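Have a look at the structure below, then the notes.
The values are calculated or read from the model by the stated rules, or taken from the named source; none is laboratory data. This one's a predicted model, so the numbers in the text were calculated from it and none came from an experiment. Cβ: placed from backbone, ideal geometry, glycine included. Neighbour counts: every protein chain shown. Protein only, heavy atoms only, side chains kept; ligands, DNA and RNA dropped before computing areas. Shrake-Rupley method; radii C 1.70, N 1.55, O 1.52, S 1.80 Å.
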Amino acid sequence: MLAQILSATVQGIDASPIEVEVDSGYGNQNIVIVGLPDAAVKESRDRVFTALVNSSFRCPLGRTTVNLAPADTRKEGPSFDLPIALGILVSSEQMESSVLDRYLIVGELALTGAVRPVKGALAIAVCAKAGGCKGVLVPADNAAEAAVVEGLEVIPVRNLREAALFLEGTEAIEPVRVDTAALFRQAPDEDLDLADVKGQESVKRALEIAAAGGHNLLLIGPPGTGKSMLAKRLPSILPPLTLPEALETTQIHSIVGLLAAGQALVTRRPFRSPHHTASDAGLLGGNVHPTPGEISIAHHGVLFLDELPEFKRSVLETMRQPLEEGRVTISRAAGTMTFPSQFMLVAAMNPTPDGKMPHESRSSPREIQAYLGRVSGPLLDRIDLHVEVPAVKFADMSRAAPGEPSRTVRERVIAAREIQLRRFRGRRLLANARMGPRELKEFVELDEATHTLLKHAMTDLNLSARAYDRILKVARTIADLEGREGVVQEHVFEAIQYRTLDRQIWG
C-alpha cells in the first residue's frame, strides 16, 4: 500500500515542501530511502524501525521504499523521521487517517519513539501556510515558534504514538497559540546600562547617534578606557524589534539552532561578538552546504568586532559587500544561498600595537603603520562614525552620581526612529543608514553655507565619495534626534567630526 505525507526541508533560511512517499511490498525486510538524502536522512531508517518497535508498533516484514520528492532537491537533517514513520504505519495498514493531506509533518525520532525538536520550524510553518495546509504537526518544543504564523493550526506532538492517534482521530490535541503582542511587552534586560559607564560623554553621544540611525561605529582608544563596556551597552538603547524584523531574525536563529526550547520569537535585537580568530566561513557563513554566519545571525542587531586589527584581513574584506547591500551571497559546489545581513557593525581597536596613542607609543612609525594597515581604507569608509575613546579622568571615576540611564537615551532613539519610519513609509528602508543616493537627494537639502562647509571638509580631509554620503546620513540622524525638519550647518559640522579620526591616524 502506498502512503503520501507532506513534509518540508530547509534551504537557506526558507523551507521547501517535500512529499514523503512510502510503499511497503514483498521481499527481504529492508527500508530504502531515495530522493537525494544526506547521511542524517539515510540513518533515519534505523531510528524509525527502533522507534516503531518501542512504540508498540510492528515493522513491515518486506521491503519498504521511501521516496522524498522532488528527487533533485537535496534533503538534509533528521526532520523526516516522523513523517517516514507515519508513512510506514499507513502503508503497512497499522493506521488509517483521512486528514493526512491537511497537515505538514516534521520531527526527529528518538529510539524510544519520543519526538525531538528540529531546526527551522518557523520557516517550515511559513511554507505550510503558503502551501494551503490546515496545520502542521511539529515537536512540542517547536510548537511556540511555529505558532507565530497566524492562520495555521499548530499541533504539538511528544511521541510517535501520540501523533498516530491524533491523525486517526482517536486522541485530541489542543493547538498551540501564541500572543505575539505579549511577547513584545516583556521588559527589556536592564543588566547592562549606560548609567554604569563613568564619564565618556562624547562617546555616549556617538552611541546615541549610531543607535538612532543604525550607523556603523568604530571605537579607538587605549586599553582600559571602556570600549568593550560601551559597545556591550549599545543594545540597551536600540529601539525594539518590529514584528517583521523579529520574524526574520527568529527564522535565522531557528535554522542555526540558537532558539531555546519553547521560545516563540526573538524579541530583542541580537548582539554577536565573534573572537578575532573567526574564519570567513564562521563570519559570513558557508561550509559545504551554505549556512548563516555571524553577520546573518546579527541581522537587525549588532555585530561587535573587538580588537579589529587582530582579525584576518581577508576576513574583514569579505564584509565590504554585506555592509553595503545588507545581504550576503554564499556560493559553494552544493549550491548558492543568499542570507540577509542588515546589522550595525561596532568595532573597537587600539591606536598602536602597544595600545598607546601614536604620540605616546614606543612603537616605530613603521610598526604603527603595519598595525593600522590591517584595516583597509575601503572598510573604514563603510564605518559612519570614528570615535576616539580617551582615558577616563579620576574625577569621573570617583563621581558617586550615576550617569544618564539607558532608558532615557532609548526614548530619544525611539522618537528619532519613528520620524524615520514616517519618512520612509512605503519604502524598504527602516533607518537613515540605509538611505541610497535618491533618498539623500530627497531628504537632505543643504543651504549654501552648509554646502561650502562640506566642500572644504572633503578637500582638506581628502575624504571619499562614500564618506560624503556617510556624513550626510549621520547629519540627517542628528537632525532627527533634535526633531528638526531640515539639516543645518551645525548638524553637518558634528557629522564631519566623526570622520576626522581615521585621517589623523591613518593619514
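Here's the yes/no breakdown for (1) under 26 Å from E162 (Cβ atoms); (2) in contact with a Phe, Trp or Tyr (Cβ under 7 Å, 6 or more places away or on another chain); (3) at pLDDT below 95:
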residue: S7; (1), (2), (3): yes, yes, no
residue: V20; (1), (2), (3): yes, yes, no
residue: G27; (1), (2), (3): no, no, yes
residue: V34; (1), (2), (3): no, no, yes
residue: D38; (1), (2), (3): no, no, yes
residue: S44; (1), (2), (3): yes, yes, yes
residue: F49; (1), (2), (3): yes, no, yes
residue: L61; (1), (2), (3): yes, no, yes
residue: A71; (1), (2), (3): no, no, yes
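Of the candidates V66, V32, the single residue that is out of contact with any His (no Cβ under 9 Å at 6 or more places or on another chain), surrounded by fewer than 22 Cβ atoms within 10 Å (Cβ to Cβ) and either on the phi > 0 side of the Ramachandran plot or not in a loop (DSSP other than H, G, I, E, B) (or both) is V32.
All conditions but one from (1) without any contact (Cβ under 8 Å) to a residue 24 or more places away in the chain; (2) in a strand (DSSP E or B) apply to F49; the one that does not is (2).
Out of all the residues in the range 138-145, is one or more crowded, with 20+ Cβ neighbours inside 10 Å and in a loop (DSSP other than H, G, I, E, B)? No: the range 138-145 contains no residue that is crowded, with 20+ Cβ neighbours inside 10 Å and in a loop (DSSP other than H, G, I, E, B). Scanning the range 456-503 for residues that are over 13 Å from I209 (Cα atoms), free of Cβ contacts under 8 Å to residues at least 24 places away in the same chain and not in a helix (DSSP H, G or I) turns up R484, E485. Here V178 meets the list (1) surrounded by 18 or more Cβ atoms within 10 Å (Cβ to Cβ); (2) touching a residue at least 40 places away in the same chain (Cβ under 8 Å); (3) touching a strand residue (DSSP E or B) at 6+ places or on another chain (Cβ under 8 Å); (4) not in a strand (DSSP E or B) almost entirely, failing just condition (3).
Please tell me if D23 is assigned to a helix (DSSP H, G or I) and surrounded by fewer than 24 Cβ atoms within 10 Å (Cβ to Cβ). It is false that D23 is assigned to a helix (DSSP H, G or I) and surrounded by fewer than 24 Cβ atoms within 10 Å (Cβ to Cβ). Go through the residues of the range 390-404 one by one and say whether even a single one is in contact (Cβ under 8 Å) with a residue 12 or more places away in the chain, among the hydrophobic types (A, V, I, L, M, F, W, C) and touching a helix residue (DSSP H, G or I) at 6+ places or on another chain (Cβ under 8 Å). Within the range 390-404, not a single residue is in contact (Cβ under 8 Å) with a residue 12 or more places away in the chain, among the hydrophobic types (A, V, I, L, M, F, W, C) and touching a helix residue (DSSP H, G or I) at 6+ places or on another chain (Cβ under 8 Å).
Reported count of residues in the range 241-294, each being within 21 Å of F311 (Cβ to Cβ), of a type in the set (D, E) and either in a loop (DSSP other than H, G, I, E, B) or open to solvent by 60 Å² or more (accessible area, probe 1.4 Å) (or both), is 1.
Within the range 185-195, the set of residues being loosely packed, with under 15 Cβ neighbours inside 10 Å and either part of a helix (DSSP H, G or I) or free of Cβ contacts under 8 Å to residues at least 40 places away in the same chain (or both) comprises R185, A187, D191. Looking only at residues in the range 1-20 that are small (G, A, S) and more than 20 Å from T291 (Cα to Cα), which one is surrounded by the fewest Cβ atoms within 10 Å (Cβ to Cβ)? Once the filter is applied, the top-ranked residue is A3.
Do we have S79 as of a type in the set (G, A, S) and more than 22 Å from L258 (Cα to Cα) here? Against the criterion (of a type in the set (G, A, S) and more than 22 Å from L258 (Cα to Cα)), S79 does not qualify. Can you find a residue that is within 30 Å of A416 (Cβ to Cβ) and either without any contact (Cβ under 8 Å) to a residue 24 or more places away in the chain or open to solvent by less than 20 Å² (accessible area, probe 1.4 Å) (or both) anywhere in the range 154-165? No, there is no match, as no residue in the range 154-165 is within 30 Å of A416 (Cβ to Cβ) and either without any contact (Cβ under 8 Å) to a residue 24 or more places away in the chain or open to solvent by less than 20 Å² (accessible area, probe 1.4 Å) (or both). Would you say A246 is hydrophobic (A, V, I, L, M, F, W, C), within 30 Å of D480 (Cα to Cα) and within 17 Å of the chain's Cα centre (by Cα)? For A246, the condition - hydrophobic (A, V, I, L, M, F, W, C), within 30 Å of D480 (Cα to Cα) and within 17 Å of the chain's Cα centre (by Cα) - is met. Here are the criteria: (1) in contact with a helix residue (DSSP H, G or I) (Cβ under 6 Å, 6 or more places away or on another chain); (2) farther than 25 Å from G213 by Cβ; (3) of a type outside the set (A, V, I, L, M). Tell me which single one S331 does not satisfy. Only one criterion is unmet by S331, namely (1). If you check K75, K119 for being charged (D, E, K, R) and open to solvent by less than 10 Å² (accessible area, probe 1.4 Å), only one passes: K75. Among the residues of the range 35-63, those identified as of a type in the set (S, T, N, Q) and open to solvent by 40 Å² or more (accessible area, probe 1.4 Å) are T50, N54, S56.
Listed here are the helices (runs of 4 or more DSSP H) enclosed by the range 372-446 that have at least 1 residues being modelled with pLDDT of 95 or more, open to solvent by less than 70 Å² (accessible area, probe 1.4 Å) and within 30 Å of H276 (Cβ to Cβ): 406-423. Condition check for F339 on (1) of a type outside the set (G, A, S); (2) outside any loop (DSSP other than H, G, I, E, B); (3) modelled with pLDDT under 90: one failure, at (3). Count of the range 301-329 residues, restricted to those that are closer than 24 Å to G224 by Cα and open to solvent by less than 10 Å² (accessible area, probe 1.4 Å), is 7. Within the range 207-219, the presence of a residue that is farther than 14 Å from M344 by Cα, among the hydrophobic types (A, V, I, L, M, F, W, C) and open to solvent by less than 20 Å² (accessible area, probe 1.4 Å) is excluded.
Screening R102 on (1) among the basic types (K, R); (2) more than 21 Å from A123 (Cβ to Cβ); (3) open to solvent by 60 Å² or more (accessible area, probe 1.4 Å) shows it passes everything except condition (2).
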